[in-house]
1. Considering only the range 76-137, give the strands (runs of 3 or more DSSP E) lying wholly within it that have at least 3 residues that are within 12 Å of the chain's Cα centre (by Cα) and under 14 Å from residue 66 (Cα atoms).
2. Does the range 35-45 include one or more residues that are modelled with pLDDT of 95 or more, surrounded by 17 or more Cβ atoms within 10 Å (Cβ to Cβ) and assigned to a loop (DSSP other than H, G, I, E, B)?
3. Keeping to the range 108-137, report how many residues are exposed (fewer than 12 other Cβ atoms within 10 Å of the Cβ) and over 20 Å from residue 53 (Cβ atoms).
4. Which pairs have Cβ atoms under 6 Å, sit 6 or more apart or on different chains, and link a residue in the range 39-52 that is within 18 Å of residue 74 (Cα to Cα) to one that is acidic (Asp, Glu) and modelled with pLDDT of 95 or more?
5. What pairs can you find where one residue is in the range 109-137 and among the aliphatic types (A, V, I, L, M), the other is assigned to a helix (DSSP H, G or I) and modelled with pLDDT of 95 or more, and their Cβ atoms are less than 9 Å apart, with a gap of 6+ or different chains?
Amino acid sequence: MLLLAAAILTTAAIATKDVYTVNVTNNKDLGRYMTNETFFTLYYFLNDTPGNGISHCNGKCAENWPPFYVEDLHVNPELESGDFTVITRDDGKKQLAYMGWPLYQYVGDTESYDTSGQGKINAWFVVIPKEFPPHQT
């Protein structure tokens with residue numbers, strides 16, 4: 001009985017060890033893209049300028065595209081934690097950036113794995129690590 005209890009505790013510890021605050025998820029159309037720890041899609045905004053520490057999505061925009069931030073970053077092994085930085089927004093709140101691009105979620109994604117923000121107004125796109133950074137025209 002004691003061995004069974006120890007095995008259950010060990011299994012639980014191993015299971016929680018692989019909880020990432022930034023995941024890489026697969027989609028048959030998009031390929032492998034980034035999500036948060038509950039598998040909600042992460043997006044970037046083409047109107048942002050990478051690496052300048054500024055988000056151009058504020059006010060009503062930020063209500064529809066909430067900035068993504070986690071205090072304790074744990075990334076999927078497919079990603080490099082050094083590619084993530086923290087910026088301070090105009091409102092004083094923190095936001096994570098990936099390769100200099102501020103990260104967002106989309107209020108239209110109501111369930112895990114939703115990608116309904118993909119391509120919105122030709123400015124919002126899921127973060128596909130293999131295709132990052134995006135080419136700007």
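The values are calculated or read from the model by the stated rules, or taken from the named source; none is laboratory data. Small disclaimer: the values here were computed from a predicted structure and weren't measured. When we count neighbours, we look across all protein chains shown, and the Cβ atoms used for this are built from the backbone with ideal geometry, even at glycine.
1. Values: elements: 84-88, 94-98, 124-126.
Per the criteria, 94-98.
2. Among the residues of the range 35-45, at least one is modelled with pLDDT of 95 or more, surrounded by 17 or more Cβ atoms within 10 Å (Cβ to Cβ) and assigned to a loop (DSSP other than H, G, I, E, B), which makes the answer yes.
3. Here the count works out to 8.
4. Going by the 6 Å Cβ cut-off, the qualifying pairs are 40/109; 41/109.
5. none
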